[in-house]
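Below you'll find the structure, written out as structure tokens, and then a few comments.
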Amino acid sequence: HDQLTANGQRVHWWVDRERRVHAEDTPDGLARALAWAAERWIDRYVIHALLEDPDPRTVLS
């Protein structure tokens, strides 16, 4: 999504009642939604870093 709102508030990602994950088209929104959907919430910052710079050295530094 370009922009998401839930209950009148802007959000970067959210899960609807059918457990479908929605995300804004931003590294933060995509990383959090992917981490949640993959049940890897702890890795959301690593996913975010890779989305911003896909070079694997990004995560290692």
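The values are calculated or read from the model by the stated rules, or taken from the named source; none is laboratory data. The shown structure was predicted, so the numbers you read here are calculated from the model rather than taken from an experiment. Note that each Cβ is placed from the backbone with ideal geometry, even for glycine, and that neighbours are counted across all protein chains shown. SASA here: full protein model, heavy atoms, side chains in, ligands and nucleic acids out. Shrake-Rupley method; radii C 1.70, N 1.55, O 1.52, S 1.80 Å.
Some observations on this one:
- Taking first residues from segment 37-61 that are under 19 Å from Trp14 (Cα atoms) and partners that are open to solvent by less than 70 Å² (accessible area, probe 1.4 Å) and acidic (Asp, Glu), the Cβ contacts under 8 Å between residues at least 6 apart in sequence or on separate chains come to His48/Asp28.
- Scanning segment 10-58 for residues being touching an Asp or Glu at 6+ places or on another chain (Cβ under 9 Å) and among the aromatic types (Phe, Trp, Tyr) gives a total of 1.
- Restricting segment 23-61 to residues that are basic (Lys, Arg) and surrounded by 13 or more Cβ atoms within 10 Å (Cβ to Cβ), the residue that is farthest from the chain's Cα centre (by Cα) is Arg44.
- The lone exception for His12 - which of (1) under 8 Å from the mean Cα position of the chain (by Cα); (2) at pLDDT 95 or above it fails: (2)
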